[in-house]
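Beneath this line is the structure, given in structure tokens, with notes to follow.
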């Protein structure tokens, strides 16, 4: 008989009844469904999910249940995870650097769309059926993101023109794709990319069926939910202005923005030093808090005691270390925690569904592996 895990009311209830001494992620399928529906209702095209953000089986299966059945994959392991979640799922292989073995796997898994950003990589795809789509990935020096991907992937526009010509000449379905960079809060980045895509199409003389506008949609970091609808509207308007009657179908591939809000991470305070100025948690940058190291401190942190009650004291900034013996295991300084925080309390980090469990290690015997399903996440309603 299949084991069905319990469904808890909220993290506070679980913490009070179980008092776990290990870090734990709380997952709310309801929140994930809400965000998936928001993307599908607001974005004027095909919504895919970037599996790299969180490949947990519960995430993939719930996205399929919410109507998402196209996925951006970067490896054969992600392809297998998607196929387990849905036998009919459509896969887009948008990691443009692949080994020959990875290409063979993509063909076996019947990948529908492939991206390229360099001629030698296109030549490696000679065995890909000509019925498939190949999207030329290009990059621009635009700002607006926490960090951009252009230094690693993406052809310059003139190179993209030649690649697009070659894709069409070889008989694949030609497309274009780009990525404005992670946690992009400026819709002007998408607008600039879309107009550049039209210039590439015109210079190549090759019409495209689809334009993938990437991920990069911002997730909630400081308590204010990003205005995704403003970005959707800007993308739609720019596409109409640039392409007019030759408007291609749009594709997006949110990862962080899709899954972040559906998870809250709880880490327990192992000990405190220097009058509470320095705090040691049972999770850190080698575990589920790795993304905080790169993205900065979140603005929505709560502390609850072992009874599940929220600490209400005035907040002051603390130095926070993780549990390993490595002194680099340290969050950016200044995490504001209530004055009455005590050893044994739990620090709740909302919005950690992306790049938490996906990047967690088991260094020093610590790590993030436990997921509990809840109805509500600390009483927060999705925005």
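The values are calculated or read from the model by the stated rules, or taken from the named source; none is laboratory data. Everything quoted here is computed from the prediction, not taken from an experiment. Counting neighbours? That spans all protein chains shown, and the Cβs are built from the backbone with ideal geometry, glycine included.
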* Taking the options 225, 218, name whichever one is over 21 Å from residue 134 (Cα atoms), in contact with a strand residue (DSSP E or B) (Cβ under 8 Å, 6 or more places away or on another chain), in the same structural domain as residue 116 (by TED's automatic domain parsing) and modelled with pLDDT under 95. => 218
* **Within region 336-360, tally of residues that are assigned to a strand (DSSP E or B) and touching a helix residue (DSSP H, G or I) at 6+ places or on another chain (Cβ under 9 Å)** => 5
* Selection within region 164-180 - surrounded by 20 or more Cβ atoms within 10 Å (Cβ to Cβ), part of a loop (DSSP other than H, G, I, E, B) and out of contact with any helix residue (DSSP H, G or I) (no Cβ under 7 Å at 6 or more places or on another chain) -> 172, 179
* Selected residue (criterion: surrounded by the fewest Cβ atoms within 10 Å (Cβ to Cβ)) from residues of region 16-38 that are in contact with a strand residue (DSSP E or B) (Cβ under 8 Å, 6 or more places away or on another chain) and part of a helix (DSSP H, G or I) -> 29
* Say we look at region 39-80 and pick out the residues that are touching a helix residue (DSSP H, G or I) at 6+ places or on another chain (Cβ under 7 Å) and assigned to a strand (DSSP E or B); which of these is nearest to residue 254 (Cα to Cα)? -> 49
* Asked: Right, residue 88: farther than 20 Å from residue 4 by Cα and in contact (Cβ under 8 Å) with a residue 24 or more places away in the chain or not?
  -> no
* To do: Can you confirm whether region 304-320 contains a residue that is under 23 Å from residue 56 (Cβ atoms), modelled with pLDDT of 95 or more and part of a strand (DSSP E or B)?
  => no
* Residue in region 306-321 that is farthest from residue 364 (Cα to Cα), counting only those that are surrounded by 16 or more Cβ atoms within 10 Å (Cβ to Cβ) and in contact with a helix residue (DSSP H, G or I) (Cβ under 9 Å, 6 or more places away or on another chain) -> 308
